[in-house]
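Written below as structure tokens is the structure these notes are about.
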Amino acid sequence: MPNPTEAIGSQSRIIWKEESEWGVDPAGADWKGLRFRPGAGLATEIAEHVDESIDPSRAVQFVRGGKKHPGGEIPVSFAPEGYCTFIRHCLAGESDTSGSAPYTHVVKGATAFPTGGLAIEVGFTENDHYFLFLGCRVNTFALDIPVDDIITATFGILAREEVYGTSSKDSAVDLPTVQPYVSHEMTLYEAAGLEEIAEVVAAAFTVNNNADEACDTAPSRFRYDIPPLTREVTGTLTLLFNSVDLYNKFMLETESVLRIKLLAANGYYSQFGFPKVKYVGGSPTPAVASAGPIQVEYPFRAIYDDDTDTDIIYTARNGWSSI
């Protein structure tokens with residue numbers, strides 16, 4: 001019996017590199033490793049076109065493949081390092097970096113994706129199968145902060161093209177070594193004075209660029225472009241009910257300010273600021289779900305703020321000199 005050679009998840013890996021030109025394979029080494037959770041996967045969907053010509057056999061005679069649309073999701077355990085570039089690409093902004101070891105990076109949500117996208121390779125190292133996705137755009141970024149667990153994030157990827165190979169773009173890639181955040185490292189600030197809210201049970205938000213997934217042209221099987229459309233930033237705060245402050249803002253549609261900060265023990269942090277939000281959708285009225293403490297969910301939506309010229313500001317402090 002031959003030795004088994006099937007691919008196994010523990011020997012898979014994801015590496016990435018920024019492109020200088022969208023959809024063009026970046027030359028050279030210096031790729032970066034990405035830590036990811038189970039469920040990560042990029043794949044290509046191929047449209048099916050069935051010929052409807054009538055045939056005496058009553059059977060389909062011809063079927064053809066159409067456009068190729070690669071993409072997927074990459075769930076991760078969110079940490080101060082390793083994911084900043086993906087967030088910058090999602091926000092479509094430039095990084096304003098200052099300081100020195102550690103460095104502080106500030107990215108504001110902007111209008112256009114970077115000139116180059118990301119090249120992402122999904123590899124199965126024990127049998128040398130590698131799938132390279134070119135022209136990757138980070139269409140969505142979702143952060144989930146539970147009551148007591150590792151904080152997780154998910155990146156939604158849309159790509160231009162998938163290429164298969166039997167050798168990796170870079171065989172010598174290290175993974176980030178900074179540990180992920182846990183729930184108690186989160187602080188929530190709210191209102192114009194950015195007052196700390198201690199009663200937060202959980203929080204989550206999503207940045208969605210609503211990119212056009214089917215910007216195709218007839219001569220090519222691959223996407224012609226992946227342009228971002230209206231960016232939506234939405235989320236939910238789950239709080240213990242001991243105040244009607246957010247209830248009143250919800251009912252009166254009062255604009256507010258929100259900031260979520262994740263602070264690691266070594267002083268590294270990730271901060272997401274929403275300079276103007278409204279609590280809308282759902283119901284702010286407390287309900288008795290059990291005999292225990294009452295919890296209330298407050299959905300929110302970030303909207304454009306004239307003073308900061310954006311709807312979201314991401315700040316990271318870590319050991320990377322650039323993101």
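Being part of a loop (DSSP other than H, G, I, E, B) and not aromatic (Phe, Trp, Tyr) is true of residue 38.
Go through (1) crowded, with 17+ Cβ neighbours inside 10 Å; (2) outside any loop (DSSP other than H, G, I, E, B); (3) over 16 Å from the mean Cα position of the chain (by Cα) for residue 90 and report which single condition fails. Single failed check for residue 90: (3).
Residues in region 215-229 that are among the hydroxyl-bearing types (Ser, Thr, Tyr) and either farther than 15 Å from residue 137 by Cα or under 16 Å from the mean Cα position of the chain (by Cα) (or both): 217, 220.
Counting only residues that are farther than 15 Å from residue 136 by Cα, surrounded by 17 or more Cβ atoms within 10 Å (Cβ to Cβ) and small (Gly, Ala, Ser), region 2-39 holds 0 of them.
Taking region 144-199 as the region of interest, none of the strands (runs of 3 or more DSSP E) fully inside it holds 3 or more residues being touching a Gly at 6+ places or on another chain (Cβ under 7 Å), among the polar types (S, T, N, Q) and at positive phi.
Residues that are closer than 23 Å to residue 237 by Cα and touching a Phe, Trp or Tyr at 6+ places or on another chain (Cβ under 7 Å) within region 311-323 comprise 311, 312, 314, listed in sequence order. Within region 230-251, restricting attention to residues that are touching a Phe, Trp or Tyr at 6+ places or on another chain (Cβ under 6 Å) and not charged (D, E, K, R), the residue that is surrounded by the fewest Cβ atoms within 10 Å (Cβ to Cβ) is 246.
Considering region 184-206, and only residues there that are touching a strand residue (DSSP E or B) at 6+ places or on another chain (Cβ under 6 Å) and of a type outside the set (A, V, I, L, M), the residue that is nearest to residue 255 (Cα to Cα) turns out to be 190.
The numbered conditions (1) closer than 22 Å to residue 312 by Cα; (2) in contact (Cβ under 8 Å) with a residue 40 or more places away in the chain; (3) surrounded by fewer than 20 Cβ atoms within 10 Å (Cβ to Cβ) are all true for residue 109 except (3). Pairs are defined by a Cβ separation below 6 Å, a sequence spacing of at least 6 or placement on different chains, a first member in region 33-49 that is closer than 20 Å to residue 135 by Cβ, and a second member that is exposed (fewer than 14 other Cβ atoms within 10 Å of the Cβ); the pairs so defined are 46/65; 47/66. Among the residues examined, residue 137 does not qualify as in a loop (DSSP other than H, G, I, E, B), modelled with pLDDT of 95 or more and either within 15 Å of residue 42 (Cβ to Cβ) or touching a Gly at 6+ places or on another chain (Cβ under 8 Å) (or both).
The values are calculated or read from the model by the stated rules, or taken from the named source; none is laboratory data. Everything numeric here is computed off the predicted structure, so don't read it as measured data. Backbone-built Cβ (ideal geometry, glycine too); neighbour counts: all protein chains shown.
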